[in-house]
Amino acid sequence: MMLCGCADGAGAWAQDQGALCDGGSGHYAGRFDGIDVQVDAGRSGTFAARTCVAGLSWSGQNLAVADTGQVDIDVLGADLGLGVPVVAFQTRKADDDWRATYAIYSLRKPPQLLRTITGGDFYRAKDADFDDWVAIWTSDAAAVNGLDGLTYSDFDFAPTVVLRFEHRKLMDVSSEYQAQYDVQIARVKAQLTPQALSDFRATDGKLADGSLPWPTLIALRKTKAKVLETVWSYLYSARAQEAWAVLTEDWPVADMERARSAILSARKNGIEAQVDGVVDAGKRRHGGHVTIYNTTGTVPDSLRQDPQDMTNPVNMQTLDTIVDRPPEPIALMRENLARATESLDLVIDAAGKVQSAKLVGGGTDGELLEAARGWKFIPAYKGGHPVACRNRMNISPGR
């Protein structure tokens, strides 16, 4: 059973949760302002290959974008701050390869490659604070893979990095999202016990293979990884003083300076080397609440009576303002879950990401709501610009 969706009369594409095309399986075809966007299985002669290809077509011309193991579209039709609508492809060599590449192409004829970002294990453009600032959330995974004898798989997460285009320059704006880093820090600290930290501080810090019995070494390396996760969560969110305080408190004293140099070197050679600048923590911008437009002109009374809902605009007139172009689904993915016809009220940001999902009538299908929060859309347009919107979608079981 597959999930089928209808949004304001637009058909929806669906497949198993994952990328649009993985290992030669999957397909997507869409159009934006006269430019066709295709993701499909690669071909070997007349047969499908275990690869995926992506391309752009317009006015009889074609531009090959990717030919690799996995292809996904993160945004289509959104403006990431480059002044033009774009399509951003996320590609990997295989579904089990954590290394991902993010390629951003303009959607004006002729389309052009505007920027490529590498080194992350994921990329997701969204308006995280719903303040009309779209940023690209990623990680500095490649930088910490191999850091001080540990691999990517030794960590629960790589350093979070938040990027935003300002005046066509790619800026590191991670310092503006310290609250999100604090959630990571609290989670990591809750997993560290005083005894585990004491045991780690008593080592040489390097924990080379064969230096200790294997079970002991595994436990110590887990602690080491947690300490590093805490340090870089502070460091990447522009709080170096707090980062080095953690290192001073939790790292073996004799090895502390070597560890500090290794962390700084890893960061210098990671995504930081690809950005054009870093937004100073003391100069954070303060955005206002985003305007949320309506797609149908019909707003339930229940929404009007809930002014505390962060996804509800205060201005009720805005709710009755219909967008020029409604959102169009890129990927609505959920497997074997559509058991009856459902209606969802979605709030979709200007990057086409679902910020809020509620079942009409107060249903309790938590699995559907969780899946809906991962759906992607071509965003709604108003006055020639992508905007956030509230959209009602009817979901029915596929056959």
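None of the figures in this text is laboratory data; all of them are computed from the coordinates on show. What you see is a predicted model, and the numbers here were worked out from it, not measured in a lab. Please note: Cβ atoms are built from the backbone with ideal geometry, for glycine as well, and neighbour counts cover all protein chains shown.
Worth pointing out:
- Charges were assigned to the Cβ only: +1 to each Lys and Arg, -1 to each Asp and Glu. The resulting dipole of the stretch 179-265 about its Cα centre is roughly 160 debye.
- From the Kirkwood radius over Cα pairs of the stretch 186-257, Stokes-Einstein at 37 °C and 0.692 mPa s returns a whole-number translational diffusion coefficient of 263 µm²/s.
- Cβ-based net charge around residue 264, under 14 Å, with every Lys or Arg adding one and every Asp or Glu removing one: 0
- The stretch 186-257 - percent relative contact order, Cα under 8 Å, separation 6 or more: 40
- Applying 1/(1 + (r/R0)^6) with r as the Cβ-Cβ distance of residue 214 and residue 324 and R0 = 56 angstrom yields a FRET efficiency of 0.35.
- By the equivalent-ellipsoid construction on the alpha carbon gyration tensor, the stretch 95-238 comes out with semi-axes of 35, 18, 10 Å, ordered largest to smallest.
- Pairs over the 32 Å Cα-Cα cut-off, from the set 169/206; 358/382; 93/224; 93/169: 169/206.
- Packing around the peptides 92-105, 216-229, taken as the average count of other Cβ atoms within 10 Å per residue, puts them in this order, highest first: 216-229, 92-105.
- The peptide list 31-40, 365-374, put in order of mean Cβ contacts within 10 Å with the highest first, becomes 31-40, 365-374.
- Other residues whose C-beta falls under 12 angstrom from the C-beta of residue 33 contribute a net charge of +3, scoring Lys and Arg +1 and Asp and Glu -1.
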